[in-house]
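The values are calculated or read from the model by the stated rules, or taken from the named source; none is laboratory data. Please read these numbers as outputs of a predicted model, since none were measured by experiment. Here Cβ is always computed from backbone atoms with ideal geometry, including for glycine, and neighbour counts include all displayed protein chains. Each accessible area value is taken on the protein alone, full model and side chains, heavy atoms only, with ligands, DNA and RNA left out. Shrake-Rupley method; radii C 1.70, N 1.55, O 1.52, S 1.80 Å.
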Amino acid sequence: MGVTDITIITPPASKKPIEAALAQHPDLTALPSPKPDLLAPADLEFNTPTAELLRLPEVQNVIKSDFLLLPCDLICDIPGDALLESYLISMAGIAGTGADFGTQSQLKTRNQFGLGAEGSGRRGGLSVWYNTVNREESVKKEECDFMGTVALDTYHKAPLQKVSELPDGRLRKLVWTTPMSEVFEEAEENKAWRIRQSLLRRYGSVKCMTQYRDSHIYFFPKWVKEFAMQNEDFESISEDLVGTWAKAEWRKPTFRAQFGANKIFKKASAPTTNGTGTESRNKNIEEEIDLLSLSSTQITQHVPNATQLKPSQPIQFASRVQGTNPEDSMISTTTDESTQDDEDGQGNEQDSSIPHLPPMLSFMLSSAPSAPLVRRVDSTPLLLSVSLLLAKLPSHDQISSTTTPSPFSHPSKIHPTSQPPQQHCTIKQSCIGSNCTIGAGARIQDCVIMDGAQIGEKAVISGSVIGKKAVIGKGSKLKDCEVQDGMVVGEGVDVKNEKFLVGGFEEGDDFGEEDDDDE
C-alpha cells in the first residue's frame, strides 16, 4: 500500500525467534521490500496493555509522522491502499488542505493549529469495523463492541471515484464505542442503559451497532502519540484512547481539557528572526494560498476575516405569531457548546479557548456474507473457524498457472512432509501442518493440527486444535478440545470440550481428578 517505514514491535523474549523467522521462513522471506525493522522495548511484556505500548520511550521515538497501527492477530482481505486513500481524502491532510474542526471563534485563530503537516496538523483518524454474526467463520459468544456513529460532515465525504476499490461498506463518524460486556454489566447493575443528553442534543440521529467489532486497524495522526502520553490512565487503545477521542467531540469543553487538548494543540509557534533582525512568526502556507480551493476533492471552507465575524443575532418570529413571553418569540442561532448540557442536565460554561479534537471516522464493512474477510483471530474457536475457512480456498497446485492465487491459500492441501498413512486413515476439512505423524486408522475432521504433532493409531479427533509437537495417544477420542503445544494426551482418553494446558486442565474442569497420576 506504499508504506515504506515498517516496524514490528515485540517483547524481548520473542525477538530472536522472530528474527530467525524473518530470515528463514519462506513465507516471510518472500515478502516484497522494504523489510520491516524489529523493535523489542525493554519494558514490553506479553500482557502489556496496548495504550501503554504507545507510551514506551522506544515506541515514541519510532513515531515521527502519521502512522498506521495494526494488531498481531489480524486477517484482512481489504486492499490497504484503498483504505489509505479514503483516509487521506476524508481527512484531507495533504499539503495543508485540511478542513477546520472548530467553531467560528476558533477559525479566527486558525494559524495556531497549523493544518496539513504531520507535526502540527489537526487531522483525525480512521478505524475499521467488521460484522461478527451470520458469517461462515462466526463462532458462538464472540466478543463484540458497541459503536455509535453519525453521518459524515460535508467536507469529510470522499468522492466515490476515489474509493472505488473499497468493498461494500459505510464511512461514518464514530461518536461512541465501548465493549459490549460493559454495556451488559451496566444494564444489569442499573437496570437500564444510560445515554448522555449531550450526545442526543449534538446529533439528531445516532446509529448504534451491537454486532460489530473493532479490527484494531487504525490510521492515526502523529498527535495521537502525545495524546497517549498525556493520559497515563489509558490502558486499551480501542476502549480508552479511541473511546475517549470519539466522545470528546460532543462532551463539554472541560472534558477535552481533562484529556490534554490544550497541551496537544495550543502550542504557540516560536518566534524567528528574519534577515533584518526583526522577529517574525512562521506562517502556514494556507494563510497565503488557498490550497483547498485548488483541490477537486474538497469543498472550500472559506474562513471569514475577523472584521466579518459578527455576534450572532437572535431571529424573531413574525409579528403575527403571538407569545405570552417576548423571549418565546426568539430563536437562538448560537451553535456553540453552551447550549449543550452535560450528563446531569445542567448547562456548562462555553470555553472556546479549548481546542476541538478532530473527528474519528469508522469504516464499517457490510454485514452481507459476501463481504471481504476481516477478522482478529484472538481465541481458539476463531483460530479453528478461520483456519478451516481459509483451507477451503484452492491451493496453488489446484489452480492454473495463469490464475493468481489468493494470498491466504496454501501451496498444497497437506504439507508435503506430513503425508498420512494410506491404511484406513480419514482426514476431512482439516489443516495439517508440517512434519506431522498420523497413525493408521486415525480419523480427523474439522481440526487444525499444527507442526510436528503426533496423532496415534485409531485416534478420533473432531473440532479440535492440536498444538505444535503435541502427542495424542492411541485410541483417544477428542471432540471440541484444545491441546497446548508440547502436551501429551494419554492412550484411550475420551473427552469433550476440554483444554489440555501446561500444568493440568483448565481451572474448573472435573476430568481426571481421580486419575491425576495416570493422566
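Where nothing but the Cβ of Lys and Arg (+1) and of Asp and Glu (-1) is charged, how large is the charge dipole of region 352-502 around its Cα centre, in debye to the nearest 20?
On the way: 14 positive and 11 negative charges, 37 e Å.
In total the dipole reaches around 180 debye.
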- Query: Across region 66-82, in residue order, what do the Karplus-derived ³J(HN,Hα) couplings come to in whole Hz, using 6.51 cos²θ - 1.76 cosθ + 1.60 with θ = phi - 60° and x for Gly and Pro?
  - Reply: 4, 9, 10, 10, 10, x, 8, 10, 9, 10, 9, 10, 9, x, x, 5, 5
- Residues with beta-carbon under 15 Å from that of P421, excluding P421: net charge, scoring Lys, Arg +1 and Asp, Glu -1? +2
- Query: Taking square-rooted eigenvalues a ≥ b ≥ c of the alpha carbon gyration tensor, is region 202-243 rounded, prolate or oblate, where a/c under 1.5 means rounded and, failing that, a/b exceeding b/c means prolate?
  - Reply: prolate
- Query: Going highest first, how would you order 134-146, 375-387 by mean Cβ packing within 10 Å?
  - Reply: 375-387, 134-146
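Applying 1/(1 + (r/R0)^6) with R0 = 56 Å to the Cβ-Cβ distance of H424 and L70, what FRET efficiency is obtained, to the nearest 0.05?
It comes out at approximately 0.80.
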- If ligands, DNA and RNA are left out, what is the accessible area of H25 with a 1.4 Å probe, given in Å² to the nearest 10? 80
- Say a paramagnetic label sat at a point 7 Å from the Cα of L393, along Cα to Cβ; which residues of region 1-27 have their backbone N under 18 Å from it? 1, 26-27
